[in-house]
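Okay, structure first, notes after.
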Amino acid sequence: MINKKKWFGKIVIIFIFVLIINWKIEAQTNSNFNGIWVTGEEGTGIELRFNNGNFERFLGGTPWDRGTYTINNNEIVFTVTHSFGEGFLNDLFDVFGVSRLEPKWYSNDEFILAIVPIFIELGFSEDVINNMISSMNSAINQSFTYSMDLDTLILTSTIENTPLIFIYNKR
């Protein structure tokens, strides 16, 4: 009889453990986010593509960055892991007639290594370049409060006391 009680207790503990893990995974990747969300007119605004904890962001139809996201309560945290060379800063580089980035995905470290020579070509000092890199590194984790219904996603945040509000519609 004692052995049955021990086994029953172990099974209950394992069951509770599995429920907690399942709840934790669901809290981190809400499947309601999956799909394509857009601001503004299609092809001109920001597009977010969510897929079970991963995201890609497009600006004006051009890839911008991608990475992972986690959700906890009403907060979503984007962690940028890659930036796309074709879209990121190339319009600015064209204005000044300097080198462009290759149209490929760059890891965060690769991206910094690729843009430093371009900033030097533009004549920025080492201090200014270091400040820009520091700002880019601090933007790797982006936190927003969100609200969502079936076809609208609202992301809000504050940067330097300035409120940011992005309203996305599901496509």
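No lab work stands behind these numbers, since they all come straight from the coordinates. From a predicted model like this one, the values you see are computed outputs, not experimental measurements. Using ideal geometry, Cβ is built from the backbone for each residue, glycine included, and neighbour counts are taken over all protein chains shown.
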### Task
Taking 7 Å along the Cα-to-C-beta vector as the label spot, tell me the Val95-Glu121 distance in nanometres, rounded to one decimal.
1.7
### Query
Where the convex hull is taken over the Cα atoms of region 50-144, what is its projected area averaged over directions, in nm²?
6.6
#### Entry: Neighbour-count order for Ser143, Ser157, fewest beta carbons within 10 angstrom listed first
Ser143, Ser157
### Dipole in debye (nearest 20) - region 31-170, about Cα centre, beta carbon charges: Lys, Arg +1; Asp, Glu -1
320
### Task
Take the Cβ-Cβ distance between Leu150 and Lys104 as r, set R0 to 30 Å, and report the resulting FRET efficiency rounded to the nearest 0.05.
0.25
### Query
By counting other Cβ atoms within 10 Å of each Cβ, how are Ile118, Ile140 ranked from fewest to most?
Ile140, Ile118
### Query
Summing Lys, Arg as +1 and Asp, Glu as -1, what charge do residues with Cβ under 12 Å from the Cβ of Phe55 carry, Phe55 excluded?
0
## Note on the structure
For region 104-114, in residue order, the Karplus 3J(HN,Hα) values (coefficients 6.51, -1.76, 1.60; θ = phi - 60°; whole Hz; Gly and Pro = x) are 8, 7, 10, 5, 4, 5, 4, 5, 4, 4, 6
### Query
In a shell of Cβ-Cβ distance under 13 Å around Asn141, excluding Asn141 itself, what net charge do Lys and Arg (+1) and Asp and Glu (-1) give?
-2
### Message
From the alpha carbon gyration tensor of region 107-171, can you work out the equivalent ellipsoid semi-axes (sqrt of 5 times each eigenvalue) and give them in Å, largest to smallest?
### Response
33, 14, 10
### Summary
Among Phe84, Ile120, Tyr69, the residue whose Cα sits farthest towards the positive end of the charge dipole of region 64-171 (+1 at Cβ of Lys and Arg, -1 at Cβ of Asp and Glu, taken about the Cα centre) is Tyr69
